[in-house]
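Read-outs: derived from the displayed coordinates by stated rules, not from any lab. Here the structure is a predicted model, which means the values were calculated and not measured. Neighbour counts run over all protein chains shown; Cβ positions are idealised from the backbone, glycine included.
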Amino acid sequence: MLKNLKLSQKFNILLLAVFLGAVILSGSAFSALLNHNAEREVTAKANLLLQTMLSVRQYTLTQVNPELAPRLETEEQFLPQTAPGYSAREVMEDLRKNADYSDFFYKEATLNPTNLRDKADPFESQLVEKFRQEAKLKELTGYRTSPAGDLFYIARPIKIEKESCLRCHSTPEAAPKSQLVSYGRENGFGWKLNEIVGAQIISVPASGIINNAGRAILLFIGILAIAFALAMLVINWLLRQTVIRPLNKMAKAANEVSMGNMDASFEQTSDDEIGNLSEAFNRMKTSLIMAMKMLGRGE
């Protein structure tokens with residue numbers, strides 16, 4: 001099939017094959033780089049928010065809880081502000097009132113929570129169970145779908161490491177009376193020391209960053225295609241001017257010589273391969289004329 005094509009067509013097919021190979025290789029490399037950078041950006045946002053929530057928890061635990069804990073026995077209603085997890089969740093909910101953070105989520109997903117607002121959903125329960133099965137596992141990351149789009153999450157286990165935590169979660173009899181009034185005796189009990197009871201999960205939107213990466217890839221491929229098209233136009237013009245047109249003239253001259261027109265000639269003043277071929281053609285024509293004259297004398 002290729003042997004029936006003109007030189008320019010063969011050359012364009014070769015260029016197209018090279019272009020497609022370059023697009024596939026460079027596109028794959030660029031896509032991997034952008035996706036990696038996008039994931040790093042999303043991870044950085046998630047880690048920043050998670051560290052912020054951990055700081056809120058620590059502040060509540062060390063400064064707010066000691067001030068309010070004595071009132072748990074005297075107040076009629078439980079003071080949720082004494083719970084570090086409650087404070088972190090409330091801070092995040094206030095942050096989500098800002099439109100720029102409306103799709104950011106923080107939850108201390110628990111299998112058996114005191115406040116049912118913290119009850120782990122099926123997806124979160126799977127994460128908690130994974131932490132329970134693999135004690136050395138410190139963090140899980142990945143993507144999950146939501147009505148807000150794809151979310152990137154970071155999850156860390158919640159482990160009961162202090163005896164003081166069991167006061168509110170061991171048995172109803174040991175819990176503050178105000179806690180029983182507010183939340184009842186059915187939920188949030190039976191926890192044990194060193195047991196993983198839940199997972200801290202921070203979720204940040206990933207769709208926008210990933211979509212931006214996708215648009216950047218398409219833009220890159222588009223620019224590459226335009227650059228290749230311009231390069232093909234320039235190369236084809238140069239090929240026609242420096243190779244194809246001289247070869248066509250030489251072929252025409254050779255055809256006329258073969259028909260007996262010895263006045264036909266082809267001149268190429270360049271020093272490239274086409275110029276060398278032109279000199280060889282003219283020498284061949286001279287040799288042919290001399291041979292014909294010698295044959296004429298022999299007759």
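If Rh is defined by the Kirkwood formula over all Cα pairs and Rg also comes from Cα, what ratio Rg/Rh do you get for the stretch 214-298? Walk me through the numbers on the way to the answer.
On the way: Rg = 21.8 Å, Rh = 16.0 Å.
That ratio is 1.36, to two decimals.
Do any trypsin sites (Lys or Arg not before Pro) in the stretch 9-48 lie in a DSSP loop with no more than 14 other beta carbon atoms within 10 Å, and if so, which?
none
In Å, what is the Rg of the alpha-carbon atoms in the stretch 1-92, and how long is Dmax?
31.0, 98
Which trypsin sites (Lys or Arg not before Pro) in the stretch 170-260 pass both tests, a DSSP loop state and at most 16 other beta-carbon atoms within 10 Å?
Here the trypsin sites (Lys or Arg not before Pro) that fit, given the DSSP loop and packing criteria, are 185, 192.
Neighbouring Cβ atoms within 10 Å as the yardstick, rank 272, 121, 150 fewest first.
121, 272, 150
In the Gaussian network model of the chain, springs joining C-alpha atoms below 10 Å, which of 56, 204, 18 carries the largest mean-square fluctuation?
18
Once you've got the Cα coordinates, tell me which of 6/252; 107/138; 6/285 are over 24 Å apart.
Numbers: 6/252 16 Å; 107/138 17 Å; 6/285 26 Å.
Cα-Cα > 24 Å for 6/285; rest within.
Please work out, to two decimal places, the log10 of the ratio I(q)/I(0) at q = 0.23, 0.31, 0.34 Å⁻¹ from a Debye calculation in which every Cα of the stretch 69-115 carries one identical scatterer.
The Cα Debye sum returns log10 ratios of -0.87, -1.09, -1.17.
Under the definition of Cα pairs under 8 Å and six or more residues apart, what whole-number percent is the relative contact order of the chain?
19 percent
In a GNM of the chain with a 10 Å cut-off on Cα contacts, which of 167, 245, 283 has the highest mean-square fluctuation?
283
Just flag the GluC sites (Glu not before Pro) in the stretch 186-259 sitting in loop per DSSP whose Cβ has no more than 12 other Cβ atoms within 10 Å.
186
Shape of the stretch 67-175 from its Cα gyration tensor (a ≥ b ≥ c, root eigenvalues): rounded if a/c is under 1.5, otherwise prolate when a/b > b/c, or oblate? Working shown, then result.
On the way: a/c = 2.46, a/b = 1.35, b/c = 1.82.
Cα axes put the stretch 67-175 in the oblate bin.
Expressed in nm to one decimal, what extension gain is obtained for the pair residue 286 and residue 36 from 0.36 nm per residue of sequence separation less their Cα-Cα distance?
83.2 nm
Counting only residues 5 or more places away or on other chains, whose amide H sits under 5 Å from the amide H of residue 158 once H atoms are built in the peptide plane?
Sorted by chain and number, the residues that satisfy this are 197, 198, 199, 200.
How large is Rg/Rh for the chain, to two decimals, with Cα atoms and a Kirkwood Rh? Each step should come with its number before you reach the end.
Numbers: Rg = 39.7 Å, Rh = 26.6 Å.
A ratio of 1.49.
Which aspartates and glutamates have a Cα less than 15 Å from the Cα of residue 119, not counting those fewer than 8 places away in the same chain?
In chain and number order, the partners are 108, 129, 186.
How do 94, 118 rank when sorted from fewest to most other Cβ atoms within 10 Å of their own Cβ? Before the final figure, lay out the partial values.
Numbers: 94 10, 118 22.
Neighbour counts put them in this order, fewest first: 94, 118.
Run the paramagnetic zone check for residue 146: 7 angstrom along Cα to Cβ, then residues of the stretch 107-123 with backbone nitrogen under 12 Å.
107-108
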